Amino acid sequence: MSQPPDAHPNIPKLKTPPGACDSHIHIFGPANHYPFHEGAAYHSPDALPETYVAWQDRLGLERAVIIHPTALGRGANARTIDALKQYPDRFRGVAVPDADASDATLKDMHDAGVRGLRFTSVGNYANAPGLDKKLAARAADLGWHGQFLLEGEQLPDMQADLMNLPCDVVIDHMGRVPAHLGVDHPAFQTLLRMLDSGKVWVKISGPMRFSGHDRMPYADTQPFAKALVAANPDRLVWGSDWPHINYNQGVMPNDGDLLDLLLDWVPDETVRNRILSDNAARLYDFPTA
């Protein structure tokens, strides 16, 4: 079972702009209604939409993007779709449909607020689909992007396939190149070149996922964030990764403090506000704030 998130987020020092968006969250539960699939790589305590909305209000955020967790199964994505319908003005979604999902199923997802598909290239996530070029082409027809959770060192080998997709590409958690390898590592340099292309977006999120430190402020990840901001801030979005599923190897971060990392990562307020609001509105099809 994943450890639960900190239930008492600090009020951040950062003052968020109108339309500020958390571009990476997951929703779970109640587990008796939305069960984990057999063989799920992890289980999570309930993380309900209304719990997140209260958390969001405390941090000064107005919008969020729900990433469907593969631990809840592929296909209909019921937990995510129901949350989108519950808060249509606040939420957009990234789905994990079956490879043979019908056009009608994808259209229903779009109408509910889905704007992307997630593909996973990490070894220990059962039921998680790797790159499916046919499904990515169908996503492009809907104006969706393909979002990728991968091990950062895979990027040089995956670059050609990702750049040749007909849809935009979103890379999770700054690429997850292990921080001890440094920003000059060929995998991270590949990510910077991809970001510069204008086809690729990167989430400046999840520092605990590639840091060598087990608690805030994950100082070894700051150079990665700063390098991405310097490369192309117009193709970056921010995410909290709430409720930090499958993170049991370190001290659970406080989400208010996570948001305040942006003060160091992106000290220019104008650029920071663009990342938090304008960029997310473009990528996820929110109304302009």
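Coordinate-derived values only; no laboratory data. Since this is a predicted model, take the numbers as computed values, not measurements. Note that we place each Cβ from the backbone using ideal geometry, even for glycine, and neighbour counts take in every protein chain shown.
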Which whole-Hz ³J(HN,Hα) couplings does the stretch 43-57 yield from phi under the Karplus relation 6.51 cos²θ - 1.76 cosθ + 1.60, θ = phi - 60°, glycine and proline marked x? 10, 10, x, 3, 9, 7, x, 5, 5, 5, 4, 5, 4, 4, 4
Going by Cα centres, the stretch 227-289 and the stretch 73-124 are how many Å apart? 22 Å
Please list 3J(HN,Hα) in residue order for the stretch 202-212, calculated via the Karplus relation 6.51 cos²θ - 1.76 cosθ + 1.60 where θ = phi - 60°; whole Hz, with x for glycine and proline. 10, 8, 8, 8, x, x, 5, 7, 9, 6, x
FRET efficiency, 1/(1 + (r/R0)^6) with R0 30 Å, evaluated for residue 43 and residue 288 via beta carbons: 0.20
Under 5 Å from the placed amide H of residue 168, counting only residues 5+ away or on other chains, we find 146
Amide proton proximity set for residue 48, modelled H, under 5 Å, gap of 5+: 28
Could the peptides 156-164, 46-54 be put in order, highest first, of the mean number of other beta-carbon atoms found within 10 Å of their residues? 46-54, 156-164
Normalised contact order of the stretch 1-112, rounded percent, pairs of Cα under 8 Å and 6 or more residues apart: 28 percent
Sorted by mean Cβ packing within 10 Å, highest first, what order do the peptides 30-37, 106-113, 170-177 take? 170-177, 106-113, 30-37
Would you mind putting 131-144, 225-238 in packing order, based on average other-beta-carbon counts within 10 Å, highest first? 225-238, 131-144
Extension gain (nm, one decimal) between residue 100 and residue 248, 0.36 nm per residue minus Cα-Cα: 49.8 nm
Estimated [θ] at 222 nm from DSSP helical runs (n ≥ 4, -39500 (n - 2.57)) normalised by residues in the chain, nearest 500: -9000 deg cm²/dmol
Most fluctuating residue of 103, 22, 196 in a GNM of the chain with Cα springs under 10 Å: which is it? 103
Please enumerate, by chain and number, the lysines with C-alpha under 29 Å from the C-alpha of residue 85, excluding those fewer than 8 residues away in the same chain. 15, 107, 133, 134, 203
Run a plain Debye calculation on the stretch 21-284 (Cα atoms as equal point scatterers, no solvent) and give log10 I(q)/I(0) at q = 0.12 Å⁻¹, rounded to two decimals, same order as the q list. -0.67
